[in-house]
Structure formats: structure tokens, C-alpha cells
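Remarks on the structure that follows.
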Amino acid sequence: MECLLKNKNTGIVLVVAAAVLWSTAGAFVKLIDMEALTLSATRSVFAALVLLPFLRPRQVGWNRYLPVIFILYALTCGSFLMGLRYTNATNAVALHFTSPLWIYAWSLAQGRKIRRQELLPMLCIICGIIICIMEPKAGTSRLGNMTALFSGITFAAFAICLPKNGSQNNVGVICLANIFAAFFLYACAVVFTPVNIIAEFAAVSTPGWFAIIAL
């Protein structure tokens, strides 16, 4: 029992740390003069390099869920960075972290019983979505809000699919997901945005590259 409690507390600390780190993205993105999809792809390149030493291909679950995980991860990264670029960071981060609501809705659809203590947090998330989308404050945009909200939905779907992969090395899965995301998002940047990726790289300042690495 003591071991289980320790593992649970460790899990909570890691989730909070991940949330804090992801929340700092807004400050770094504003420092980088790069189109959102290109930036997201470049971020995935550095993420893959950092995680590469932990990749254990034999421990990865090579099954039908893996390509779905890759696609959901790439969509999450791309839409979150687009949200940060096109609306204010507060809205983007708040809408991205609506993912617990979508996971909760999925669990209810799978037959989970509604618990009263869970209703208030979910209602707060719903109210937050409405406020973020409807607020007329300067610095926000409907496009940015909707892409950030979409990232919350895809993040939830990613979290649901990841355990189904059954991998013994989820860090390795994330490493591979970042490799896929880099290729996918660079391709999307070329196809859907009128940008010259090489020119964008050349225009990034030294502090900008440090900000990308920090992301």
C-alpha cells in the first residue's frame, strides 16, 4: 500500500511538472520569429534528439495504435503552437488543458458512472471554454482559440490511445512520435503556408534558437 501511494504521489508530481513546463511555452513562442507549423516541427526535432538515448525499439508496441498515436501527437503539437501564435498564451494554454474534460466525456461514453465530486471541475472547464472563445479582449482570435481547443481534444485522444499501445517504453514512443511530427509538420508548413523554411531558419536570432531548444 505504501509503495502504491508513493507511486501515485510521484505520478501527481510528474503531471504537475509537465503542466508547468508546457505552460511556459507561451513565453518562449512569443520570442521566436517563425511560422507556427515550422516552429512546431523544429521543436519536435530537438525533442526527438533529447529523447533518442531512451529509445528502445524492441520495447515499443508495434501495433495498429502506433500510427494513430503518431498522428494525434503531431496534430496536438501543431495545433497547440498555432493556438499560441494566433491567440494570447493564457487562452491557448487554458484551452489546451481542457483535455481532462474530453477524457472524462469518453469515459462516460464507455459506461463509467458519474461521480458528484467530478462534476464541479468539469463544469469549470466548460465555463472556461465559453469564456475563452467568447471574450472580445485584444490579442485573441477565433482561429487561435479554436486551434488551441482542437489541441486539447487531440491531446485527450492521444492520452487515451497511448496505454492501448501496450508499450514497455512510452518514452521511446514519444521519441518516435516527435520524429514523425517533425516530418509531418514540415510537410504541412510547405503545403499550407507560403513560407521558405530555410529563410525562416536564417532569420532566427541566437536567443530565438535557445528558446526553441527550451520548448
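The values are calculated or read from the model by the stated rules, or taken from the named source; none is laboratory data. Computed from a predicted model, the values in this text were never measured in an experiment. Note that we place each Cβ from the backbone using ideal geometry, even for glycine, and neighbour counts take in every protein chain shown. Protein only, heavy atoms only, side chains kept; ligands, DNA and RNA dropped before computing areas. Shrake-Rupley method; radii C 1.70, N 1.55, O 1.52, S 1.80 Å.
(1) open to solvent by 60 Å² or more (accessible area, probe 1.4 Å); (2) modelled with pLDDT of 95 or more; (3) not aromatic (Phe, Trp, Tyr): which one isn't true of Thr76, the others all being true?
Here Thr76 clears every test but (1).
Condition check: of a type outside the set (D, E, K, R), more than 19 Å from Arg43 (Cα to Cα), loosely packed, with under 14 Cβ neighbours inside 10 Å and out of contact with any Leu (no Cβ under 7 Å at 6 or more places or on another chain). Does Met134 satisfy that? Spell out how you get there, then give the answer.
Numbers: of a type outside the set (D, E, K, R): yes; more than 19 Å from Arg43 (Cα to Cα): yes; loosely packed, with under 14 Cβ neighbours inside 10 Å: yes; out of contact with any Leu (no Cβ under 7 Å at 6 or more places or on another chain): yes.
So Met134 passes the test.
Answer with yes or no whether Phe150 is under 16 Å from Leu75 (Cβ atoms) and open to solvent by 90 Å² or more (accessible area, probe 1.4 Å). Explain how you work it out, then say what you get.
On the way: under 16 Å from Leu75 (Cβ atoms): yes; open to solvent by 90 Å² or more (accessible area, probe 1.4 Å): yes.
It is true that Phe150 is under 16 Å from Leu75 (Cβ atoms) and open to solvent by 90 Å² or more (accessible area, probe 1.4 Å).
Can you name every residue in the range 1-54 that is part of a loop (DSSP other than H, G, I, E, B) and either of a type in the set (A, V, I, L, M, F, W, C) or surrounded by 13 or more Cβ atoms within 10 Å (Cβ to Cβ) (or both)? Give the steps one after another, and end with the answer.
Residues of the range 1-54 part of a loop (DSSP other than H, G, I, E, B): 1, 24, 30-35.
Matches in the range 1-54: Met1, Thr24, Lys30, Leu31, Ile32, Met34, Glu35.
Run down Ile103, Ile114, Ile126 and say which single residue is loosely packed, with under 13 Cβ neighbours inside 10 Å, touching a helix residue (DSSP H, G or I) at 6+ places or on another chain (Cβ under 9 Å) and in contact (Cβ under 8 Å) with a residue 12 or more places away in the chain.
Residue meeting the stated conditions: Ile126.
Which of the residues that make up the range 14-70 are closer than 11 Å to Leu215 by Cα and of a type in the set (Lys, Arg)?
Result: Arg43, single match.
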